[in-house]
1. Do the conditions hold for residue 334, that is, is it within 18 Å of residue 265 (Cα to Cα) and more than 8 Å from ligand 2 (Cβ to nearest atom)?
2. Testing residue 197 on (1) within 27 Å of the chain's Cα centre (by Cα); (2) crowded, with 18+ Cβ neighbours inside 10 Å; (3) of a type in the set (A, V, I, L, M), one condition comes back false. Which one is that?
3. Here are 243, 309, 329: which of them is more than 14 Å from ligand 1 (Cβ to nearest atom), aromatic (Phe, Trp, Tyr), at pLDDT 95 or above and over 24 Å from residue 82 (Cα atoms)?
4. So which residues in the range 367-382 are surrounded by fewer than 22 Cβ atoms within 10 Å (Cβ to Cβ) and either hydroxyl-bearing (Ser, Thr, Tyr) or within 20 Å of residue 100 (Cα to Cα) (or both), if there are any at all?
5. I need every pair where a residue in the range 316-331 that is more than 8 Å from ligand 2 (Cβ to nearest atom) has its Cβ under 7 Å from the Cβ of a residue that is aromatic (Phe, Trp, Tyr), sequence separation at least 6 or different chains.
6. Filter the range 180-237 for residues that are touching a residue at least 40 places away in the same chain (Cβ under 8 Å) and on the phi > 0 side of the Ramachandran plot and give the result.
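The values are calculated or read from the model by the stated rules, or taken from the named source; none is laboratory data. Keep in mind it's a predicted model, so treat the numbers as computed, not measured. As a convention, Cβ positions derive from the backbone with ideal geometry for all residues, glycine included, and neighbour counts pool all protein chains shown.
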Amino acid sequence: MNSWLSLAVLCCAVLCQSVAVGAAPRLAGAGFTGEDFSGVAPAPIQLSTQCPPSFELVGQQCKLVNLYQQYDSLQNKGVGGTKTALPAARDGFSPQQIDLGRFLFFDPLLSANKQQACASCHQPDKGFADGKAVSTGAFGQQGKRSAPTLWNVGFLQKLFWDGRSPSLEQQAAGPLFAPDEMANTPEKLLHDLNANAVYPRLFAEAFANKGPIELPQIVTALAAFQSSLISLNSRYDHYAHGFHQALNETEIKGMNVFRSFVARCAECHTPPLFTNQQIAVIGTPEPEGKPFDVGAGTTEETAKLRGGFKVPTLRNVALTAPYMHSGRFATLEEAAEFYSKGRGHAVPKGEKLLLHWHIWEPKLSAEENQQIAAFLQTLTDQSLTPQLPKQLPSGLPLPAEVRPQQAAEQASQQTQQQTTAWTPTSSTTAWTPTSSQTTEAPLRGHPLQATQSAKAATWTPTQNNTISQSAELAKNGEHK
Ligand code: HEC
Ligand code: HEC
């Protein structure tokens with residue numbers, strides 16, 4: 001009945017659209033966006049044959065290359081130690097799988113109403129979060145929790161705030177098919193992709209398959225792309241690797257408070273990822289009027305974890321306000337203050353939570369919390385932000401939240417500052433507001449588009465460090 005009807009309507013919409021796509025891909029989306037398509041047929045979409053920066057092509061696989069790999073394991077290095085190894089990463093995907101994942105990630109074809117993509121809630125400009133306390137689904141429904149960043153998500157062993165998913169592949173099925181998110185069904189998703197004029201060729205290239213597109217390939221490509229979102233070249237990292245001028249006095253004070261056994265932040269937010277990947281019960285409050293969220297404590301066996309959430313990474317945390325699973329805190333200072341307001345101060349009456357032993361009463365001063373916030377700002381690094389696809393295989397426009405026009409308006413002021421602060425001699429000065437690079441200018445670094453690949457191919461840790469060090473040092477004053 002109702003669902004059959006809507007399925008039929010959507011199938012028709014997709015078939016009609018794929019016919020249009022076959023004829024003139026970019027015109028298919030023109031009605032939605034009002035973009036000025038010149039009518040010139042664009043070149044067919046090709047998948048990149050190069051790995052993103054920070055990955056090296058070994059055989060057919062992209063392997064992570066990072067300075068932290070030269071350090072020993074976490075053991076014996078002290079909890080807040082700077083020269084500590086990274087946990088194992090998900091790598092080994094092919095360049096084509098990663099690039100296909102990028103197209104899928106930004107493509108609203110994956111949602112029931114063709115309007116929401118993964119990128120709608122995980123926006124590159126917002127630290128791959130969405131700036132909201134709780135996310136909004138494809139049909140406008142309010143979600144239950146806040147969208148986490150996806151930076152460095154390839155290192156995580158547990159996904160979601162309550163850690164309920166063990167892999168990126170399994171996780172992806174969550175948003176795709178959740179009624180309050182993209183609201184799709186496996187049947188319709190597979191139908192839409194297989195009926196599309198471009199995707200079957202791209203999947204055949206990425207997975208060397210001759211048959212139809214299958215669900216495991218979709219989630220593998222999404223996992224491949226998400227694992228390429230590496231952010232480990234912040235000012236903090238320059239400091240950690242030995243360039244001590246990278247942080248100013250306030251930031252170093254903040255770092256020392258953060259690592260101290262009084263504050264204990266680093267016991268859970270352990271460098272270099274700034275998470276120990278465990279579930280911890282810390283007793284954060286829900287927004288006014290919202291029911292208590294049991295987090296990981298959903299069953300009798302997990303009762304000890306009632307109110308427990310995964311320790312989130314603090315990488316790029318300055319970009320992902322509001323904070324905590326509930327988006328309860330608007331600023332980093334507020335989030336830091338929470339820990340000094342008394343153990344269990346926000347636990348609702350009648351709830352008996354087993355608060356983690358590192359949740360104590362550090363009684364940090366306002367100044368110390370500000371120093372911590374200043375330090376957390378030094379964890380910002382978006383240098384490997386992937387480029388927005390200029391064109392989607394589905395022929396649909398990019399989802400509204402990341403569409404160049406809107407993003408350009410919002411970011412124009414910031415963009416101007418960022419591009420000049422980056423380095424006047426770099427290729428970013430070639431950016432002009434009228435080109436299609438408008439939003440791609442601040443999204444620098446990822447090689448998956450031809451324009452960036454020359455730069456990416458010559459990327460080395462030391463070179464990149466030098467560029468960003470000088471630029472970031474110039475900005476030091478802003479972080480006081
Ligand atoms: C409607 C907004 C929305 C959409 C669309 C969406 N997400 Fe999310 N995403 C969220 C929220 C909210 C969470 C946290 C949910 C929870 O923990 O219960 C999340 C969590 C995640 C996580 C776990 C991160 C972590 O640190 O644990 C990953 C990975 C992820 N999303 C990837 C994706 C992918 C891939 C897609 C597209 C297939 C997608 N998301 C679509 C809102 C969204
Ligand atoms: C016992 C482990 C633990 C300790 C110690 C700890 N945290 Fe956390 N932190 C967490 C958990 C768990 C969350 C998520 C809680 C939630 O969503 O309700 C979190 C969330 C945060 C967030 C929000 C991140 C986001 O993306 O929303 C910030 C900021 C933060 N902590 C900073 C600190 C600081 C600063 C300290 C030291 C004063 C500290 N933490 C100490 C476990 C810890």
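1. yes
2. (1)
3. From the options 243, 309, 329, the qualifying one is 329.
4. Passing the criteria: only 380.
5. 316/151
6. 183
Residue by residue, here is whether (1) closer than 19 Å to residue 399 by Cβ; (2) of a type in the set (A, V, I, L, M); (3) within 6 Å of ligand 1 (Cβ to nearest atom) holds:
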site: 130; (1), (2), (3): yes, no, no
site: 142; (1), (2), (3): yes, no, no
site: 145; (1), (2), (3): no, no, yes
site: 152; (1), (2), (3): no, no, no
site: 168; (1), (2), (3): no, yes, yes
site: 172; (1), (2), (3): yes, yes, yes
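Every residue, every condition in (1) polar (S, T, N, Q); (2) in contact with a strand residue (DSSP E or B) (Cβ under 6 Å, 6 or more places away or on another chain); (3) more than 16 Å from ligand 1 (Cβ to nearest atom), yes or no:
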{"position": "300", "(1), (2), (3)": "no, no, yes"}
{"position": "313", "(1), (2), (3)": "yes, no, no"}
{"position": "321", "(1), (2), (3)": "no, no, no"}
{"position": "325", "(1), (2), (3)": "no, yes, no"}
{"position": "345", "(1), (2), (3)": "no, no, yes"}
{"position": "355", "(1), (2), (3)": "no, yes, yes"}
